[in-house]
Every structure is written in structure tokens, then in C-alpha cells.
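Shown next, in C-alpha cells, is the structure this report addresses.
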Amino acid sequence: MASTLARPRSESRLVVYYQTTHDPSGNLISILPLITKPGISVTHINVAAIHLNEDPNAMTLNDHAPSDPRYTTMWAELRIAQASGIKVLGMLGGAAKGSYTRLDQDQKTFDAYYGPLYEMVRERSLDGLDLDVEEDMSLAGIVRLIDRLRSDFGPAFVITLTPVATALLDPTRNLSGFDYEALEVMRGSQIAWYNAQFYCGWGDASTPHMYQLCIRKGWQPQKIVLGLVTTPKNGPGWVPPEMLAATLTLLRHQFPNFGGVMGWEYFNSLPGGQERPWEWAQQMTKILSGPLARPSTQAKAVATTQNTRVAEKELDGEDGATIPKSFEYYSDGSSEDESHT
């Protein structure tokens, strides 16, 4: 069903992660403003985080079963988003480990844990899955999962992965275990894009240089979505709006097929914060939908305020990325807050 709402078209993807779905009082944090507020062109919403627990039949979305009544309105709103032209994906994994370890076993064990995941994707009519592998997994294991998803859900099903940005430059600076370059060679045709985490010590979005290094390494711009934290409360590496706008303007000019931007996460995004979290998406839409003109001298100056050698050292192996520290913030229903890196 086509939406009757006039929504601006963004040439690049604008991906919003939606993990904190309720406030501490249990009230739903609605995503409808992403549809109804003016000047927003979100392309994808990734609802997070799906966890495969020790009991194969005890899969959870954050701390509750996906069918829990607390999610009834959320699922209804996500259907509205789909009817408005936004693709809705589930995010599997993240910082809470275990899901991929359980899928990376013998075929019988894989089938036991994959079955409930398959049923949830089918029941909720998800448009795809975002595979956020932040634990050791074999290359064969991730290939098997991708192949099964493609076989079960067909060619239109969107499969994305969420590596830390350094993993695109050096397989040893990685949270996933497998080599992303090898995965791209083997199954790149089945992967829509990578939501690369340019934050938490694994990347830098304050200048365009680290993204440019990924492209020099051989990655295609249309397959690399630049991942951001939407507020300092969601982890280190937040970039002020003026600096970020300069970075994105330069990247869009240099790469007309620039893959886009993703934001972790929706509920407390700046500048509006928890009262008006949709304003971040308005800002990003304006930047990504703006005329593709040569960036101004001022924009270049802002975007190059940091030493380019920092990024170059990352590629050359002269200065290894430090392992980021975990951080905690309120997450929907958490008795045990999750960290996202």
C-alpha cells in the first residue's frame, strides 16, 4: 500500500536503529514521527536486538519474547512504516554475545536455533536481517547463515552486516572473527551493504579520511554505510553536527554513490533528545538530500581539522586501534543494561 504522505527522497540510505522501544515507565517510544514529521526520509529501520538464548525456544527481542504484549503497538507501527515505504529489518546479535556462537555449531544445533528465528522473520514480515556479529564466528558459519536466509526468504530479502570500521581495513582489528574481505569475495552478491561502526574507538567520522581509506582498500562506496552514534550518551565518537555535515558533504561529492548513514540509536538522538528524537533524521535527510555541489572551502576546513595521519596509520598498521571500553545506558526493559560497540 503506497503512502499518501509526501516524503523527501534521499539518494543515500538513512538507517535508524530502534532498540530502546519503551521508556523506563513502560511507555512506547513511537517511531511514527519518522513518517509524519516533515523533512524526513528514513529508508530503513533496524529493530534491535534479537537474541538466541540457551533454550532454542526462548528467543528474545531485548529482554522479552517478540510476541510479548508490550510489543503489540510497536509491531503495528512498524507495519505502518513498511506501508510508507520504509524497509524494516531485525538486528540479530550485537554486544550481548551467544547468538552467533549457537548458530556456528553442527547442522542439528544450527537448525534448532535457526528455526525460531525463521518463524519470527516470517510472522513479522520483516524485510531483512542485519547481522551484527560481535563475537567470534567462523567464515563458514556466517556463509551458512547467509545462504539459508537467502534460500528461505528469496532474492528481495535484505541481508546486511555491521562490522566495526577497522575490520574493513584490517581483519585483525575485528569483533566478528571472520575476515570481511573474504566474506565479500565469497558472498558479496548476497550482502546488500555493511553498516560500518565509525565510533567507540573503532572508527572516526569527524573527517572523511577513514571512509576514504576503506574505498582505497577496494570497498565499493554504495556498500559502505557510515555508522554514527546519535548522541554522546550512546558511546564515544559522537561528531558535532557542523563537523559531520562537512564530512558527509565531502563524501557525497567525492562518491556520488555514497552508501549513506546509519544512527545508533533512535530514542535519544540529538539535537532533540528523548523529547524529539526524530530531529536527528531530519538533519541527516537535509544533508543527504541536498544538492550535490562542490563543497565549500569552509566545509573542507571543518572536515580536515584532525590529522589525516591518524587514519593513514590505521591502514598501514603503524598505530593499532585500542579496544574500546564497554559503556552502559538505559535500554528497554533492561535489568542488565547492554553495551553496544
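Every number here is computed from the coordinates shown, using simple stated rules; none is lab data. Everything numeric here is computed off the predicted structure, so don't read it as measured data. Positions of Cβ are generated from backbone atoms using ideal geometry, with glycine treated the same way; all protein chains shown enter the neighbour counts.
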Inset, instruction - Return the subset of Lys37/Lys217; Lys108/Lys217; Lys87/Lys233; Lys37/Lys97; Lys97/Lys223 for which the Cα-Cα distance in this structure is over 32 Å, preserving the input order. - result: Lys37/Lys217; Lys108/Lys217; Lys37/Lys97
Inset, instruction - Would you work out the charge dipole size for segment 13-316 about its Cα centre, treating the Cβ of every Lys and Arg as +1 and the Cβ of every Asp and Glu as -1, and quote it to the nearest 20 debye? - result: 1100 debye
Inset, instruction - Name the long-range amide H neighbours of Thr230: under 5 Å, sequence gap of 5 or more, or other chain; modelled H, no Pro or chain starts. - result: Trp264, Glu265
Legend entry - Dipole in debye (nearest 20) - segment 1-133, about Cα centre, beta carbon charges: Lys, Arg +1; Asp, Glu -1: 600 debye
Inset, instruction - May I ask you to evaluate 6.51 cos²θ - 1.76 cosθ + 1.60, the Karplus curve with θ = phi - 60°, for each residue of segment 27-44 and list the ³J(HN,Hα) values in order in whole Hz, giving x for glycine and proline? - result: 7, 5, 8, 6, 9, 4, x, 5, 9, 8, 6, x, x, 10, 9, 5, 9, 9
Inset, instruction - Set the Förster distance to 51 Å, then compute FRET efficiency between Ser25 and Ser151 from the Cβ-Cβ distance, nearest 0.05. - result: 0.75
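Counting only other residues whose beta carbon sits under 10 Å from that of Lys87, what net charge do I get with K and R as +1, D and E as -1? Walk me through the numbers before you get to the answer.
Details: positive: Arg13; negative: Asp127.
Computed value for this residue: 0.
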Legend entry - Distant-in-sequence amide H partners of Arg13 (H built 1.01 Å from N, under 5 Å): Gly260, Val261
Legend entry - Estimated vicinal HN-Hα couplings, Hz - segment 122-132 in sequence order (Karplus 6.51, -1.76, 1.60; Gly, Pro = x): 5, 5, 8, 6, 5, 7, x, 10, 9, 9, 9
Legend entry - Those residues of segment 77-107 whose amide nitrogen sits under 19 Å from the label point placed on Asn53, 7 Å along Cα→Cβ: 91-103
Inset, instruction - Using only Cα atoms, locate the centre of segment 38-60 and the centre of segment 205-249, then give the distance between them in Å, rounded to an integer. - result: 23 Å
Inset, instruction - Kindly identify segment 172-286 as rounded, prolate or oblate by the Cα gyration tensor criterion: order the square roots of the eigenvalues as a ≥ b ≥ c, call it rounded if a/c is under 1.5, otherwise compare a/b with b/c, prolate if a/b is larger, else oblate. - result: prolate
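Once you order the gyration tensor axes a ≥ b ≥ c over the Cα atoms, which shape class does segment 13-316 get: rounded for a/c under 1.5, otherwise prolate or oblate by comparing a/b with b/c?
Values: a/c = 1.84, a/b = 1.24, b/c = 1.48.
Oblate shape, in that a/c is at least 1.5 and b/c is the bigger or equal ratio.
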Legend entry - Pairwise label distance in nanometres, Ser67 with Ser289, each label 7 Å out on the Cα-Cβ vector: 4.0 nm
Inset, instruction - Give me the distance in nm between label points sitting 7 Å out from Cα along the Cα-to-Cβ direction at Glu123 and Arg144, one decimal. - result: 2.5 nm
